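The values are calculated or read from the model by the stated rules, or taken from the named source; none is laboratory data. Remember, it's a predicted structure, so these values are computed and weren't measured experimentally. Methodologically, a virtual Cβ is constructed for each residue, glycine included, from the backbone with ideal geometry; neighbour enumeration extends over all protein chains shown. For accessibility, only protein heavy atoms count, side chains too; no ligands or nucleic acids. Shrake-Rupley method; radii C 1.70, N 1.55, O 1.52, S 1.80 Å.
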Amino acid sequence: GESMRYINLTPHQISIQLSTGDVITVEPSGDVARVEQDDVYQCKDSNGVSYYRTTYHELKGVPVSVPGVMYIVSGLVLSASRRTDLAAPSELIRDSEGRVIACRGLRLADPAR
């Protein structure tokens, strides 16, 4: 069948290491998916520590769903969505300086959110 197409909606090149050891590199598309968030005060505990809950607003810069296309977005954008065609880099691979050089796969949204 058709192979999955990836559209990178982050500003960074995304390198995905396959189980074969090969690497797929997905260049930024030029469009960046964003979401605005607010931390809303909830309460204070007995020590006076304040607790907040994050509320997310609508996604910006995410195209309509297209069969066979997976949109790669930041973890923050993914956490604000239940869409099944959005995924964020997962299982990050770092170099000796701690910089992310690739990931082992993509993380899907939590459908229970």
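Once backbone amide H atoms are built at 1.01 Å from N, residue 23 has 18 as its partners under 5 Å, excluding neighbours fewer than 5 places away on the same chain.
Around the amide H of residue 107, modelled in the peptide plane, lie the amide H atoms of 88, 90, all under 5 Å away and 5 or more residues distant in sequence or on another chain.
Pop out the carbon and sulfur fraction of the accessible area of segment 4-113 as a percent, whole number, probe 1.4 Å. Show your work: numbers first, answer last.
Values: 3680 of 7340 Å².
Heavy-atom surface of segment 4-113 belonging to carbon and sulfur, 1.4 Å probe: 50 percent.
Taking all protein chains as they are arranged and a probe of 1.4 Å, the heavy atoms of residue 110 leave approximately 90 Å² accessible to solvent.
Run the numbers on the chain and let me know its relative contact order in percent, using alpha-carbon pairs under 8 Å that are six or more apart.
On the way: 224 pairs, mean separation 28.7, N = 113.
Reported as a whole number, the value is 25 percent.
Can you show me the helix-derived [θ] at 222 nm for the chain, built from DSSP H runs with n ≥ 4 at -39,500 (n - 2.57) apiece and divided by the number of residues, rounded to the nearest 500.
Details: 1 runs with 5 residues, N = 113.
Taking each H run of at least 4 residues, the total per residue is -1000 deg cm²/dmol.
Computed over protein heavy atoms with a 1.4 Å probe, the accessible surface of segment 44-113 works out to 66 Å² per residue. Remark: segment 46-97 carries a charge dipole of roughly 280 debye about the Cα centre, counting +1 on each Lys and Arg Cβ and -1 on each Asp and Glu Cβ. Heavy-atom accessible area for residue 34, with the other protein chains in place and a 1.4 Å probe, reaches approximately 140 Å².
For Cα pairs less than 8 Å apart in space and 6+ apart in sequence, what is the mean separation divided by the residue count of segment 21-84, i.e. the relative contact order in percent?
Details: 61 pairs, mean separation 21.0, N = 64.
About 33 percent, as a whole number.
Of 12, 57, the residue with the largest accessible area leads and the full order is 12, 57 (1.4 Å probe).
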